[in-house]
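Everything below concerns the one structure shown next.
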Amino acid sequence: MPSQLQRRLQHLLDPSVARIINGLSAVSIVDSQTPPTNAELHDLTTQPPRNTRQHWAGTAFGTLMHDIQSVVIHGTSGWPSYASADNFRVVFDSTAPYKIIQPPHQQPQMWYSKRGVGPQYFVESNGTIYPLIGPENLEGTPQTTGHAEYMNPLSLGIENSDGGDESGIATTSSLFHRLAPDPATAPDLAGMQLFALLHPGGAEDINLIWFALFPAFTGPGDIEPARKSQRYGGWRNTLFTERDYRSLALLCRFVAERNAIPRNFPVLPFATVADDVANADVFRKLLLADPLAEQIATKLGVVLADARLGGPPFAHTYGQHADWWGRFFGLTAGNGRTVPCFRGFMSHSINGHHACPGPLFDWHRFAREVWDWWWYPFDFDSLSVTDPKGCSTVIRPYRQARGDTPLVEYYYDAVGTVVDYNERKSTLSAADRFTLEPSTPIYALANGVAIAAALPQTSDSTKPGFVLTRHEVFHVTAAFSGTRIDYDRPPTNVWSLITYMTAPGMSVSQLVDANPDWLNRFVIRLTETERAVAFHAANPALAALTHGWAHQPAAPDPLSPAVRRPSTGTAIESDATVYRAVVNDLIAGKPVLFPLANDTNVTPVTILLGDYLGTAGTMPGGAFGIQVEIFSIDKLDVPGAAQRAVSMVGETWWAQMSGPIRFQTSATDLPANGMVWQYSMTNFLQWLNGITWAGEWPKYGAVDPANGNAPVPLPVRPNPRINL
């Protein structure tokens with residue numbers, strides 16, 4: 001039981017729906033409703049009354065699951081609010097209204113709409129997580145539902161409260177309120193419009209919803225016009241919220257450990273069975289990028305050498321094996337289970353008929369937030385004999401990922417080696433200083449919470465730009481497993497401090513490419529909260545808004561009953577106030593301190609693995625580059641660990657950050673004198689990624705048939721994606 005990951009979810013859980021559905025497990029399956037009249041049978045515009053007897057849907061619904069191979073990510077086709085949780089309740093308890101169908105040349109028939117259709121979990125736009133059936137506290141064995149067609153017995157489903165392709169969602173609805181000044185058609189931020197959704201009527205929450213405006217919207221997504229019209233013609237262009245992504249990532253980190261599912265993603269996450277099943281090149285990329293490529297290829301009869309060559313010969317062979325696509329995802333021709341196969345996280349559309357979670361779900365952001373890897377902070381262009389080992393000045397493509405942008409991992413897929421990175425080190429500093437080109441993009445090493453930062457737009461080594469991030473590092477292995485990481489043990493807090501960066505052209509009022517990724521997310525939250533506060537103040541007579549402002553999401557944390565999420569309006573007001581103060585200091589060129597992660601009234605600022613942070617600046621001595629410090633209070637078993645003071649210990653912001661006002665817990669409070677254990681960047685990445693990969697590999701369940709189905713020994717992390 002990964003209890004440490006469970007604790008991070010606890011204050012977000014609302015078990016109310018699962019409690020109702022679980023209580024129906026022993027109810028006999030007998031419907032009770034008024035039979036439709038003959039006129040109703042022949043009138044397709046009439047909806048007969050719903051069933052009045054609650055019960056489960058059938059023999060398969062609710063059965064315990066075993067050997068779960070994947071997690072299917074969905075986007076709801078409906079209103080993006082917590083009300084969708086109740087929509088799932090009525091299809092799980094079989095009281096959803098039945099529809100009448102009248103096939104040509106047949107007698108009218110009745111059938112229940114979506115009976116038992118829905119996922120195991122639902123995440124709403126304000127971040128509340130609803131278990132819908134089974135373990136209300138996430139501790140037990142998941143139960144079968146009908147959420148992904150053929151994949152139902154193999155996969156867990158997670159719905160997310162997106163507008164999806166529901167035709168009823170429209171910004172002309174009386175439930176939507178434009179929060180911007182006139183003109184109403186103007187964007188609030190580049191390529192985006194903001195609305196407040198008050199829904200459902202009579203029990204409102206206020207949901208701050210962004211819509212993409214094409215062609216001005218340039219964020220990630222499968223949004224090329226031809227592909228969008230072909231695959232997602234009815235999509236409503238609502239964007240998934242920041243709180244949805246954060247809760248979804250936390251839930252998926254837990255689900256992966258609880259059910260032994262690898263944190264594995266398709267290299268082309270926007271691929272779909274509807275459009276790509278006949279595309280041999282898409283299939284070969286999915287196969288070759290998977291860590292189980294060799295075992296899956298053996299099962300299918302694919303010659304890997306032919307797959308790597310690709311081209312017409314492989315396309316011809318692929319065309320003769322219509323079952324390869326389904327078998328890759330774990331299905332036999334009769335939709336039974338088959339292994340080995342893809343294990344990990346995928347969309348509904350990649351092996352199902354519904355195109356969710358849609359064209360605007362950010363797979364590249366989501367994967368980075370789920371991964372525990374640490375990545376290199378800059379890239380090399382090429383290591384060929386004819387091309388020098390130059391630093392890459394091209395931004396990583398996932399910032400504006402499209403449907404054909406590979407989802408790669410910038411440690412295992414890196415062009416440079418440990419030797420190449422170490423050769424960039426300067427010997428003039430105890431910390432790691434890397435000499436780089438002036439325009440080299442710099443990226444976050446790992447997921448974490450922002451503690452402090454400065455963003456100068458000009459490069460000055462005496463007033464350097466920096467970002468300090470606190471990371472949670474799980475590294476202790478479980479005694480029962482040998483290599484699996486023990487998520488019942490608290491993590492070690494590790495900090496990264498990247499210094500001498502610059503952010504020329506950055507903006508605190510608009511989304512621009514020059515902004516660090518965390519700053520663009522910050523600007524979105526600041527904009528939506530300040531406009532919501534102004535709208536609330538200007539509409540005191542709008543009863544639904546008053547009700548929504550006071551909405552209390554989820555229930556008290558049963559592990560910490562005193563911890564309660566603030567009401568929606570309180571959270572909006574707190575973020576607007578605190579975020580504005582941070583922005584004012586950034587504008588003034590001051591170092592800023594961010595809200596603490598355990599402050600329940602303010603949304604912490606997160607740094608995601610691989611976030612763009614800025615560009616290399618001027619270091620002492622005049623060379624361009626960055627300084628990287630990775631450190632912890634407690635010593636880790638990293639080769640070459642040294643105890644010394646952090647380089648910026650003499651700065652005013654360090655004293656403010658480490659003082660009593662910044663106190664978090666004794667385990668995470670940095671010392672005022674800055675004395676910590678510091679680690680070489682390359683040593684730390686090698687050490688931790690080796691532990692993390694060793695813990696992931698057993699979840700793939702790779703066996704060798706030639707050796708009595710013995711587990712396949714831990715391989716060096718596959719690196720097939722560079723030459724896809």
Task: By average C-beta atoms within 10 angstrom, highest first, the peptides 24-32, 588-596, 60-68 - done: 588-596, 60-68, 24-32
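Need one number: % antiparallel among DSSP beta bridges in the chain, to the nearest 5. Walk me through the numbers before you get to the answer.
Details: 70 of 83 bridges.
Restricted to the chain, the bridges split so that about 85 percent are antiparallel.
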Task: Fraction of accessible area attributable to carbon and sulfur, the chain (%, probe 1.4 Å) - done: 55
Task: Nonlocal Lys pairs with alpha-carbon distance under 20 Å, the chain (8 or more apart, or different chains) - done: 5
TODO: Along Cα→Cβ, 7 Å out, is where each label goes; now give me the distance between the ones at T317 and S229 in nm to one decimal.
DONE: 3.8
TODO: Pop out the ³J(HN,Hα) list for the range 689-700 in order, Karplus 6.51 cos²θ - 1.76 cosθ + 1.60 with θ = phi - 60°, rounded to Hz; leave Gly and Pro as x.
DONE: 5, x, 5, 5, 5, 4, x, 7, 4, x, 6, 6
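If you take the beta carbon distance between F214 and A538 as r and set R0 to 30 Å, what does 1/(1 + (r/R0)^6) give as a FRET efficiency, to the nearest 0.05?
Between F214 and A538 the formula returns 0.50.
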- [ ] For the range 301-312, take each phi angle, set θ = phi - 60°, evaluate the Karplus expression 6.51 cos²θ - 1.76 cosθ + 1.60, and give the result in whole Hz per residue in order, putting x for glycine and proline.
- [x] x, 7, 8, 4, 4, 5, 5, 5, 6, x, x, x
Open item on the list: Principal axis extents for the range 432-568, Cα atoms only, whole Å, descending order, please.
Closed with: 60, 52, 22
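Counting only heavy atoms of protein chains, what accessible area per residue, in Å², does the chain have with a probe of 1.4 Å?
Details: 28140 Å² over 724 residues.
Counting only protein heavy atoms, the per-residue value for the chain is 39 Å².
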TODO: Go from 0 up to the bin containing the longest alpha carbon distance in the range 358-436, width 10 Å each, and give me the % of pairs per bin.
DONE: 15, 41, 31, 11, 2, 0
TODO: Quick one: compute a quarter of the convex hull surface over the Cα atoms of the range 276-362 and quote it in nm².
DONE: 6.0
Task: Proportion of all alpha-carbon pairs of the chain beyond 46 Å (%) - done: 20
TODO: Per DSSP H run of n ≥ 4, the term is -39500 (n - 2.57); total these for the chain, divide by its residue number, and report the mean residue ellipticity at 222 nm rounded to 500 deg cm²/dmol.
DONE: -7500 deg cm²/dmol
Task: Debye intensity ratio I(q)/I(0), log10, the range 195-344, q values 0.09, 0.13, 0.19 Å⁻¹ (C-alpha model) - done: -0.43, -0.81, -1.21
Open item on the list: On the principal axes of its Cα set, how long, how wide and how thick is the range 204-261? Give whole Å, largest value first.
Closed with: 40, 32, 20
Task: Point-to-point label distance, S28-Q686, nm (Cα→Cβ direction, 7 Å offset) - done: 6.9
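The values are calculated or read from the model by the stated rules, or taken from the named source; none is laboratory data. Only a predicted model underlies this, so the values are computations on that prediction, with no experimental measurement involved. Virtual Cβ from ideal backbone geometry, glycine too; neighbours counted across all protein chains shown. Only protein heavy atoms, including side chains, enter the accessible area calculation; ligands, DNA and RNA are left aside. Shrake-Rupley method; radii C 1.70, N 1.55, O 1.52, S 1.80 Å.
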